[in-house]
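Heads up: the structure comes next, in structure tokens.
The values are calculated or read from the model by the stated rules, or taken from the named source; none is laboratory data. Predicted, not measured: the structure shown is a model, and the values here were computed from it. Cβ placement follows ideal geometry from the backbone for every residue including glycine, while neighbour counts extend to all protein chains displayed.
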Amino acid sequence: MKTVAVMGASGTLGTSIVRMLLDRGVHVRALVRATTHRAKLEALGVTDFVVADLMDPISLQGALTQGPRIDAVISSAAGFTSHSRRTKDNDIRADIEGYRHWVDAAKIAQVPRFIFISILECDKAPNVPHFHKKRLTEQYLVEKQQPYLSLRAAAFLDRPRDVVAEKVKSGVFPDIAPGVAMDMIYSPDLARYAVEAALDLPDSAFNQCIDICCDIPATGPMLAAAFTRVLGRPIVAKPVFSSLLTPLMPLIAKIVPSLRDGVAVLFWIRKGGYVTHDRQTQEKWFGKLPTIEDSVTRYCQERKF
Ligand SMILES: NC(=O)c1ccc[n+]([C@@H]2O[C@H](COP(=O)([O-])OP(=O)(O)OC[C@H]3O[C@@H](n4cnc5c(N)ncnc54)[C@H](OP(=O)(O)O)[C@@H]3O)[C@@H](O)[C@H]2O)c1
């Protein structure tokens, strides 16, 4: 039986990854913080919990050296996300310093596969802080010669707080970048790719970054049209931010530092930056890319719309 350690197991994506690993008969080691809510993971059947924090190198080394040999780690944790802010702190240091500790621990434990959940085009966005941090971790993996696969994901169709679901129920698709296409992925597809990377892909697939997205980039109206077809009732794309507010955002971000990252992402998307230049590599290793329509269909079915 293979053992896979999941860092960020309690998160939106992490929980899907854990569920799929268990479905494949894998022994899952869930790495959690002392304060992490474990109930969802326990309900899935996880029994092997190890307390490990990205900011505590000793805990990370212990998590990978005790018990059964670890065949792969899947790293979905992120310090900047709204989940992490809600659960306790927003320790953005975790995304640089913490990930360095984590790569060091994997290297010391000679983990054969380090699957890293990264972000699409992160190497081209030095001014978007949390994108750039992903790039720094990818570079650290190369520098340390830790065997890795970086899955650079597009925007999740199911965002962590599921704002899309709430809006769609009231007939609206929230459009954050009117007139601009961006790449999307339904996060269970990303979870499946991470699991396949841990268990099925040959070693020759490793030591590279793979963009992960649907078959085409989509605008708000394209997504609204897909929801309309799937649900059989009209869903209309509406801008999330008014055209008057948008130009003021950089100024507001200067005054409110906690908004800087979000505003930088928004402007990056509006510049058309959140679109892949390579769909072939994903297709080569994971098969045909999901379509927008199919992703929206599963999204609606799984939420029983
Ligand atoms: N949302 C998107 O559109 C998008 C797009 C591309 C890539 N991604 C990437 O996808 C990944 C998963 O996103 P998500 O939305 O599923 O994440 P999430 O729900 O916000 O979960 C974050 C996870 O990180 C853990 N964590 C935070 N700080 C930690 C620390 N210091 N030590 C150990 N664990 C820590 C949290 O644990 P606690 O439960 O203890 O807080 C939680 O399990 C992230 O890496 C994100 O960057 C997201």
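Which is near the ligand (Cβ under 10 Å from one of its atoms), buried (at least 23 other Cβ atoms within 10 Å of the Cβ) and within 19 Å of Ser187 (Cβ to Cβ), of Leu13, Leu21?
After ruling out the rest, the residue left standing is Leu13.
For the range 10-76, which fully contained helices (runs of 4 or more DSSP H) count at least 3 residues that are on the phi < 0 side of the Ramachandran plot, without any contact (Cβ under 8 Å) to a residue 24 or more places away in the chain and not hydroxyl-bearing (Ser, Thr, Tyr)?
39-44
Looking only at helices (runs of 4 or more DSSP H) that fall completely inside the range 238-305, which ones have 1 or more residues that are over 19 Å from Thr219 (Cα atoms), out of contact with any helix residue (DSSP H, G or I) (no Cβ under 9 Å at 6 or more places or on another chain) and among the aliphatic types (A, V, I, L, M)?
Helices (runs of 4 or more DSSP H) meeting the threshold: 249-255.
So the check is Cβ under 6 Å with 6+ separation or different chains; which pairs have a first residue in the range 268-295 that's among the acidic types (Asp, Glu) and a second one that's part of a loop (DSSP other than H, G, I, E, B)?
Glu283/Leu289
Considering each of Ala198, Ala264, Ala191, Ala224 in turn, give the residue that is crowded, with 17+ Cβ neighbours inside 10 Å and modelled with pLDDT under 95.
The match here is Ala264.
Go through Leu13, Leu31 for me and flag whichever is under 19 Å from the mean Cα position of the chain (by Cα) and farther than 18 Å from Leu149 by Cα.
Numbers: Leu13 fails: farther than 18 Å from Leu149 by Cα.
Leu31 is the lone residue from the list that is under 19 Å from the mean Cα position of the chain (by Cα) and farther than 18 Å from Leu149 by Cα.
Quickly run through the range 185-225 and pick out the residues that are aliphatic (A, V, I, L, M), within 21 Å of Thr246 (Cβ to Cβ) and not in a helix (DSSP H, G or I).
Listed by number, the list holds a single entry, Ala218.
For the range 82-175, give me every one of the strands (runs of 3 or more DSSP E) that falls completely inside it and has 2 or more residues that are touching a residue at least 12 places away in the same chain (Cβ under 8 Å) and near the ligand (Cβ under 10 Å from one of its atoms). Let's see the steps before the verdict.
Working: elements: 114-119, 148-153, 172-175.
In the range 82-175, 114-119, 148-153 are the strands (runs of 3 or more DSSP E) which contain 2 or more residues that are touching a residue at least 12 places away in the same chain (Cβ under 8 Å) and near the ligand (Cβ under 10 Å from one of its atoms).
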